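Quick notes on the structure that follows.
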Amino acid sequence: MTRLRGTWTAAAVTLFLLGACARTTAGAAAGDAAAPGASGNPPAPAGDALVLRVEHYGGFVGTNLRVGRIPDVSVYADGRVITQGPQIAIYPGPALPNLVVLQVTPERVTELARQATDAGVRSGAELGRPGVADATTTRVTAVTGGAKYTVDAYALSEAQSQDPALTPAQNAARTKLAGFVRELTDLSTAASAAKPEPYVAQKVAVLATPWVKPGNDLPKQPGPQAWPGPALPGDYVSPEVKQGCLTLTGAQAQTVLSAAAKANANTPWESGGQQWRVSFRPLLPDENGCNDLRTRQ
């Protein structure tokens, strides 16, 4: 499939001319903005530069599921919007997640970046902590002026709209941020949206843990498959659950993705005389490998 790309226009360039201010996180001090590439990774090509992202972390999930979570939505400078498409309601599900990409105009990206500012991503608003246990934290990221700004909101979608543990100002700030998050995550379903197409990854991270036989009440599954890539499990990203990670690019990535398309989430893969359960995480345009996933748990 041809990768969707928008025309780079002056409207898109304005994204990088917006004034910079301190990076903020809810409950954290401002002033720690970091320019793209500060982690040692080379800067992304202009079209692959991340502008906006909504993702979740934390919550009551297993340690082995924290690394490799797919962001709810990622918006890039050339107008690509990458999100998760409909998921098949079967168990076990497909081995590969259903990622889709749609195209918006660079002007729309500029508008959304300004809306992020209005919604408090760069304001340093105190969002508080509502009285909800084991909820996820929503992180909204905006990249403008060569710097990255984030705001974290615990239990943004789980808490009451007027949570008694929060002040009126905190409730109002959370309502404004939640409205922006809904608009961003609903881009693919907007009436004016172009039809989403499958996202074709050029790189993939594979997360491997020792395979454990599922319960006997499940339908019979296909037998072990020969692993077509480099030896598993790779470098450990979660040593406590023996979860390793490998980054594959080029022909290796395409070979592994082709094999994964015929497998399900519980398929045992044989490598080095051992069976492994593998999660396949297509890498997004701004992601370089396992380290990006490790640092965003």
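The values are calculated or read from the model by the stated rules, or taken from the named source; none is laboratory data. Here the structure is a predicted model, which is why all the values come from computation and not from measurement. Please note: Cβ atoms are built from the backbone with ideal geometry, for glycine as well, and neighbour counts cover all protein chains shown.
Give the number of residues within segment 230-270 that are farther than 19 Å from Gln202 by Cα and touching a residue at least 60 places away in the same chain (Cβ under 8 Å).
Count: 11.
Here are Leu207, Leu232: which of them is among the aliphatic types (A, V, I, L, M) and assigned to a loop (DSSP other than H, G, I, E, B)?
Unique residue meeting the criteria: Leu232.
Which ones in segment 134-159 are of a type in the set (Phe, Trp, Tyr) and buried (at least 22 other Cβ atoms within 10 Å of the Cβ)?
Residue satisfying the conditions is Tyr149 alone.
Would you mind stating whether Glu126 is in the same structural domain as Ser74 (by TED's automatic domain parsing), free of Cβ contacts under 8 Å to residues at least 40 places away in the same chain and among the charged types (D, E, K, R)?
no
Mind checking which residues of segment 213-241 are farther than 21 Å from Arg69 by Cβ and either modelled with pLDDT of 80 or more or of a type in the set (Val, Ile, Thr) (or both)?
Listed by number, the residues that qualify are Lys213, Gly223, Pro224, Gln225, Ala226, Trp227, Pro228, Gly229, Pro230, Ala231.
Among the residues of segment 261-271, are any assigned to a strand (DSSP E or B), modelled with pLDDT under 95 and exposed (fewer than 15 other Cβ atoms within 10 Å of the Cβ)?
No, segment 261-271 contains no residue that is assigned to a strand (DSSP E or B), modelled with pLDDT under 95 and exposed (fewer than 15 other Cβ atoms within 10 Å of the Cβ).
What is the number of the single condition among (1) within 24 Å of Pro92 (Cα to Cα); (2) among the aliphatic types (A, V, I, L, M); (3) modelled with pLDDT under 95 that Ala191 does not meet?
Exception for Ala191: condition (1).
Would you confirm, using the coordinates I've provided, whether Arg174 is crowded, with 16+ Cβ neighbours inside 10 Å, outside any loop (DSSP other than H, G, I, E, B) and assigned by TED's automatic domain parsing to the domain that holds Gly79?
Judged against the criteria, Arg174 is a match.
Could you tell me which numbered condition Ser258 fails, if it satisfies all but one of (1) loosely packed, with under 15 Cβ neighbours inside 10 Å; (2) farther than 30 Å from Leu50 by Cβ?
Condition (2) is where Ser258 drops out.
Which of the residues that make up segment 268-282 are aromatic (Phe, Trp, Tyr) and within 11 Å of Pro233 (Cβ to Cβ)?
Within segment 268-282, Trp269, Trp276 qualify.
Which of the residues belonging to segment 272-297 are of a type in the set (Val, Ile, Thr) and part of a strand (DSSP E or B)?
Of everything in segment 272-297, just one residue is of a type in the set (Val, Ile, Thr) and part of a strand (DSSP E or B), namely Val278.
Out of Leu96, Leu102, I need the residue that is closer than 14 Å to Thr185 by Cα and either in the same structural domain as Leu187 (by TED's automatic domain parsing) or modelled with pLDDT of 90 or more (or both). Which one?
Answer to the selection: Leu102.
So is Leu102 assigned to a strand (DSSP E or B) and either in contact (Cβ under 8 Å) with a residue 24 or more places away in the chain or surrounded by 21 or more Cβ atoms within 10 Å (Cβ to Cβ) (or both) or not?
Against the criterion (assigned to a strand (DSSP E or B) and either in contact (Cβ under 8 Å) with a residue 24 or more places away in the chain or surrounded by 21 or more Cβ atoms within 10 Å (Cβ to Cβ) (or both)), Leu102 qualifies.
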